[in-house]
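Notes follow once the structure below has been shown.
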Amino acid sequence: MEEKTCSKSLAVKTSHVLPPDTNAYKTLFGGKLMAHIDDVAAISAVRHARKNVVTASTDSVDFLEPVKEGDSICIEAFVTWTHKTSMEVFAKAVTEDLLTGERRVSATAFLTFVAVDENGRPIPVSPIVPETQMEKRLYEGAPKRAKARKERRKESKEFAEAFGTDYPWIEKP
């Protein structure tokens, strides 16, 4: 498969933060920000794979600064690393006070997507080639993050099996 650069997968979306998107503190709901991040990261993954993708995991969403009502929120995402069928995507959220022009990084996240065929089965993706120093830094750290993801997923499966579908505090007869 043809190698692709990180920049070819860049996706950017800017939205105005309106009252229905905010909580009692007049800041953006965390879940709303997570939805923006997943949306833009998925576009980035599709751009790289040129196939449909599914979200396999969200490693973390680190909320660094509040996003206030009336601000804008700009999500930037690009593919940082690929495996056989999966892609790691880094996303950054930048909030801007539109009246003063002050900009701050409000969140960062790593997500993993898997390219799928028409039947929802995983399919191979092109390798990624980092070009800039930051892209290389993210690329070099990806195997460590992938290992942590694999371990976390194993633990999640163990919890799912142990807890099952019933409430854990209800005793079975």
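Laboratory data are not the source of any read-out in this text; all were calculated from the coordinates shown. Computed from a predicted structure; not experimentally measured. Reconstructed Cβ throughout: ideal geometry from the backbone, glycine too, with neighbour counts over all protein chains shown.
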What list of ³J(HN,Hα) couplings, whole Hz, do you get for the range 83-97 from phi and the Karplus terms 6.51, -1.76, 1.60, once you set θ to phi - 60° and write x for glycine and proline? 10, 5, 10, 10, 9, 8, 10, 9, 10, 10, 10, 10, 9, 10, 6
Footprinting exposure proxy for 83, 48 (fewest neighbouring C-beta atoms within 10 Å first): 83, 48
Label points 7 Å out from Cα along the Cβ direction at residue 159 and residue 10: separation in nm? 3.6 nm
Quick one: 3J(HN,Hα) in Hz for the range 45-61, Karplus 6.51/-1.76/1.60 with θ = phi - 60°, rounded, Gly and Pro as x. 5, 5, 4, 6, 7, 6, 9, 5, 9, 10, 6, 9, 6, 10, 4, 6, 10
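Sorting 110, 63, 78 on the 10 Å Cβ count, fewest up front, what's the list?
Lowest count first: 63, 110, 78.
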Equivalent ellipsoid dimensions for the chain as semi-axes, Å, which come from the Cα gyration tensor, largest first: 28, 26, 14
Sequence order, the range 130-142: Karplus ³J(HN,Hα) from phi using 6.51 cos²θ - 1.76 cosθ + 1.60, θ = phi - 60°, Hz rounded, Gly and Pro as x, gives x, 10, 7, 4, 5, 4, 5, 4, 5, 4, 5, x, 5
Among the lysines, which fall within straight-line cross-link reach of residue 32, defined as a Cα-Cα distance under 29 Å, with same-chain neighbours fewer than 8 residues apart omitted? 8, 13, 51, 68, 92, 144, 147, 150, 154, 157
A correct fewest-to-most ranking of 80, 27, 5 by other Cβ atoms within 10 Å would be 5, 27, 80
